[in-house]
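Just so you know, all these numbers are worked out from the coordinates, no wet-lab data involved. In this text, all values refer to a predicted model and were calculated from it rather than measured experimentally. Cβ coordinates were reconstructed from backbone atoms using ideal geometry, including for glycine residues, and neighbour counts include every protein chain displayed.
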Amino acid sequence: MKHLEVSEFLQNFNKELFESNLIDWFQDQKRDLPWRMDQDPYKIWVSEIMLQQTQVETVIPYFERFINKFPTPQDLANADEQEVLKAWEGLGYYSRARNLQSAVKEVSEKYEGKVPKTPELLSELKGVGPYTLGAILSIAYDMPEPAVDGNVMRVMSRVLSIEDDIAKQKTRKIFEAVLREIISSKDPSSFNQGLMELGALICKPKNPNCSICPVQKHCRAYHAGKQTQLPIKSKAKKQKTHAYYAVVLMNKDGEVYIEKRPNEGLLANLWQFPMINKSEIDFDYLSAWLEQTYPITTFGCKKLSPVKHVFSHVIWELEVYQFVVDVKEVEGVVGRFVSEQDLTAYPFPVSHQKIISQLSF
DNA sequence: AATCCGGGGTA
DNA sequence: TACCCAGGATT
């Protein structure tokens, strides 16, 4: 029963009744979320970027602060990137923030701040992929575009008993084709949001609550008793561990040395304490390496608590040391010494926030 | 088609 | 632990 055509998935499927069952349930049961207060395309855009791979409850406080700080596209376009990253601090996938600001600048300049209304123009924007495109067009502009995310694939794989591997890129296209056939033309916004809301509240990955599901009678997986076996998803490979020394260099004034990470790759443009891979240096030479790399001479050294941090694709194990240092006057140094007070102005990854929380100034 | 890119919630 | 989350960009 694999790799069927769209028409085969939809045989004997009552799409009109499915549509009304889904939309009626959504209108009645939808959560009161801050990006549902109005239909401002900018706010919907911001929310959709934040919601990528991120749960609703996590996003809510970030969204509130972000919109309060950058109420309009112009505000975000004119902001300093460091300010934007600071507002994103702790949310993860920081390229979302940089791409969003870049795209908002483009909208501000080319379209007078109006979010474009066509798939072609929208998909040109950085950070707007197939899902976000459909979400913006359907929710902000009531256009019948599919918005296929993890929720939608889980719900529809069960409803239509679709057994393709949802971890594979091409499978999303199958769901988009199916959704184009059944999406409501009357209320595509409630239809798309209803599918996602259903996935979040009822048709959950584990223990789906089929007994109260508004589309139970349409669900082939439920009727076959195999709702917990769908969707099919191949496993991701395990992360590799990287071990580093991370060092806090504190001068006599209680200021600590921080440096900006490169403008691409992991945690791009965020700040950190100096780190060196343990495979590159033995601990006995750490002090000497620090003195040749940074404008300092080291004195005392004490060990802080180690930090373990799990990313989606890699694991960091940081062995943390704090050095007392004298500062030499050197030009061309990338980092800087900052006070405890000023530290709060810089965006740090959570792994290094764990180090900051150990410091006593 | 794989891999890179965060962090937190949940069973 | 392992899996998941209103995914997109890069290789």
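Things to note:
- Length-normalised contact order for chain A - Cα pairs under 8 Å, 6+ apart - percent: 16 percent
- Sequence-ordered 3J(HN,Hα) estimates for segment A:174-191 from the Karplus curve with 6.51, -1.76 and 1.60 and θ = phi - 60° stand at 5, 5, 4, 5, 4, 5, 4, 6, 10, 5, 5, 8, 7, 9, x, 4, 5, 5 Hz, glycine and proline given as x.
- Principal-axis analysis of the Cα atoms of chain A puts helix A:130-141 at an angle of about 70° to the longest axis.
- Rounded to the nearest 0.05, the FRET efficiency derived from the C-beta distance between A:Ser102 and A:His309 at R0 = 25 Å is 0.40.
- Amide H within-cut-off set for A:Ala243, under 5 Å, with H built and near neighbours excluded: A:Lys278, A:Glu317
- Straight-line cross-link partners of A:Lys354 among the aspartates and glutamates, defined as a Cα under 16 Å from its Cα and at least 8 positions apart when in the same chain: A:Glu89, A:Glu317, A:Glu319, A:Glu340.
- Of the peptides A:47-56, A:277-286, A:156-165, the ranking by mean beta-carbon count within 10 Å, highest at the top, reads A:156-165, A:47-56, A:277-286.
- Against the main long axis of the alpha-carbon atoms of chain A, helix A:95-110 sits at an angle near 70°.
- Between A:Asp80 and A:Glu5, the simple label model (points 7 Å from Cα in the Cβ direction) yields a spacing of 6.0 nm.
- Note on A:Lys302 and A:Ala167: the extension gain reaches 44.0 nm, defined as 0.36 nm multiplied by sequence separation minus the Cα-Cα distance.
- Loop GluC sites (Glu not before Pro), segment A:313-350 (other Cβ atoms within 10 Å of the site Cβ: 15 or fewer; DSSP): A:Glu329, A:Glu331
- Gain in span if fully extended, A:Asp253 to A:Leu201, counting 0.36 nm per residue against the direct Cα distance: 13.5 nm
- The helix-based estimate of mean residue ellipticity at 222 nm for chain A, built from -39,500 (n - 2.57) per DSSP H run of four or more residues and divided by its residue count, is -12000 deg cm²/dmol to the nearest 500.
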